[in-house]
Structures are given as C-alpha cells and as structure tokens.
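J.: I have a structure I would like to understand better, so I am pasting it below and will then ask my questions one at a time.
The values are calculated or read from the model by the stated rules, or taken from the named source; none is laboratory data. Quick caveat, the model's predicted, so the values are computed rather than measured. With ideal geometry, Cβ positions are generated from the backbone for all residues, glycine too; neighbour counts draw on all protein chains shown. Areas reflect the complete protein model, heavy atoms only, side chains present, ligands, DNA and RNA absent. Shrake-Rupley method; radii C 1.70, N 1.55, O 1.52, S 1.80 Å.
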Amino acid sequence: LSSLNNLLRKKLFFKRRNMSKRILVVDDNETIRFLIKEIIVLAMGYEVVLASNPKEAIKIIGEKHIDLVITDRNMPWMLGEELVRHIKFNCPEIKVIFVSSAMTPEIEKVALTAGADVVMDKSKFIHIETTKFTINKLLS
C-alpha cells in the first residue's frame, strides 16, 4: 500500500478543495477500507469516515453529515443492500455506491432496487480515474 500511496502523491494532485464533502466507507475488510480511503483522500481530497459494519455506519450517519456512502455487500449483521434501503428510507439525499467482489446481474438488480445510485464491481473500483469520475459526478 505504501507504493500506491507514493504513486498517488506523485501522479495525482492532493486537493483540499473537496474537504467540505464527507464520504463514509463501509467494509468489514480493514485493508479494503484503508485502500479506498487512501484513493479518495489522495486522488480527490474528500474527507473520509470509516465503518467496519452496517451498524457502525448507521450510527455515524446519525451523528455526522454524510454526502456519499460506499458500501460493500457481504458484511456482518446486515447485507449491503439492506444498508442501502435503510439509508435511502431515512436519508434519501445521501448518494450510495454499492460495491461487491462477487457482482452478478442478480446482485446488481437487488442493489439498484434497494436504491443504490451506482453499482460497481470491487475490482473496477480501484481504477482511480473511473472511481474519481463516478464520485465527482455523484457529489456535483
């Protein structure tokens, strides 16, 4: 991850102008959470808050202003699509990106039906330019 960090610092300009927007990343895998946070902070300059599970995410959403949630599908206590439904019912203004490492057309349909604004395969999410475009579009 340190080589990714160095690459991002060299190739992508660290932008503080986006710090007024706050993104919540929800994933039970600590390495994935950290990687997504580093990509967003270094490539786009948004503030990032981390949650290791949906219960923690719901608590954070109740305490802080969140503009965008990026959530994994398979997590303890609640599936990602259940979290999406909860967010869209209680805070419909929050944009949601649903990611999964096991994306299928059925899972994509479930996520979109639940209210996800964007559905992405987790392997494509780490493509920085695609991720940047998607996040900036949702937050503009």
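J.: When you check Thr71 against the structure, is it within 13 Å of the chain's Cα centre (by Cα) and not in a helix (DSSP H, G or I), yes or no?
T.: yes
J.: Looking only at the range 52-64, which residues are in contact (Cβ under 8 Å) with a residue 12 or more places away in the chain and surrounded by fewer than 21 Cβ atoms within 10 Å (Cβ to Cβ)?
T.: Within the range 52-64, Ser52, Asn53, Lys55, Glu56, Ile58, Ile60, Lys64 meet the criteria.
J.: Just to be sure before I move on: is Asn29 in contact with a strand residue (DSSP E or B) (Cβ under 8 Å, 6 or more places away or on another chain) and without any contact (Cβ under 8 Å) to a residue 40 or more places away in the chain in the structure I sent?
T.: no
J.: Pairs, please: C-beta under 8 Å, at least 6 apart or cross-chain, first residue on the phi < 0 side of the Ramachandran plot and in the range 95-118, second surrounded by fewer than 19 Cβ atoms within 10 Å (Cβ to Cβ) and part of a loop (DSSP other than H, G, I, E, B)?
T.: Lys95/Asp67; Lys95/Asp117; Val96/Gly115; Val96/Asp117; Ile97/Asp117; Ser100/Asn74; Ala102/Asn74
J.: Sort out which residues of the range 109-124 are surrounded by 14 or more Cβ atoms within 10 Å (Cβ to Cβ) and more than 27 Å from Gly62 (Cα to Cα), and write them in order of number.
T.: Of everything in the range 109-124, just one residue is surrounded by 14 or more Cβ atoms within 10 Å (Cβ to Cβ) and more than 27 Å from Gly62 (Cα to Cα), namely Asp121.
J.: Let me ask you something else. Regarding Val49, is this residue open to solvent by less than 40 Å² (accessible area, probe 1.4 Å) and not in a helix (DSSP H, G or I)?
T.: It is true that Val49 is open to solvent by less than 40 Å² (accessible area, probe 1.4 Å) and not in a helix (DSSP H, G or I).
J.: Identify all residues within the range 123-140 that are part of a helix (DSSP H, G or I), without any contact (Cβ under 8 Å) to a residue 40 or more places away in the chain and not polar (S, T, N, Q); write none if there are none.
T.: Lys124, Glu129, Phe133, Lys137
J.: Pick from Asp67, Asp27: which is acidic (Asp, Glu), over 17 Å from Asn136 (Cβ atoms), open to solvent by less than 30 Å² (accessible area, probe 1.4 Å) and at pLDDT 95 or above?
T.: Only one candidate passes the filter, namely Asp27.
J.: Further question: Quick one: count up the residues across the range 70-93 that are acidic (Asp, Glu) and surrounded by fewer than 17 Cβ atoms within 10 Å (Cβ to Cβ).
T.: Counting residues in the range 70-93 that are acidic (Asp, Glu) and surrounded by fewer than 17 Cβ atoms within 10 Å (Cβ to Cβ) gives 2.
J.: Any idea which of Ile87, Ile94, Ile66, Ile58 is touching a His at 6+ places or on another chain (Cβ under 8 Å) and more than 18 Å from Lys122 (Cβ to Cβ)?
T.: On inspection, the qualifying residue turns out to be Ile58.
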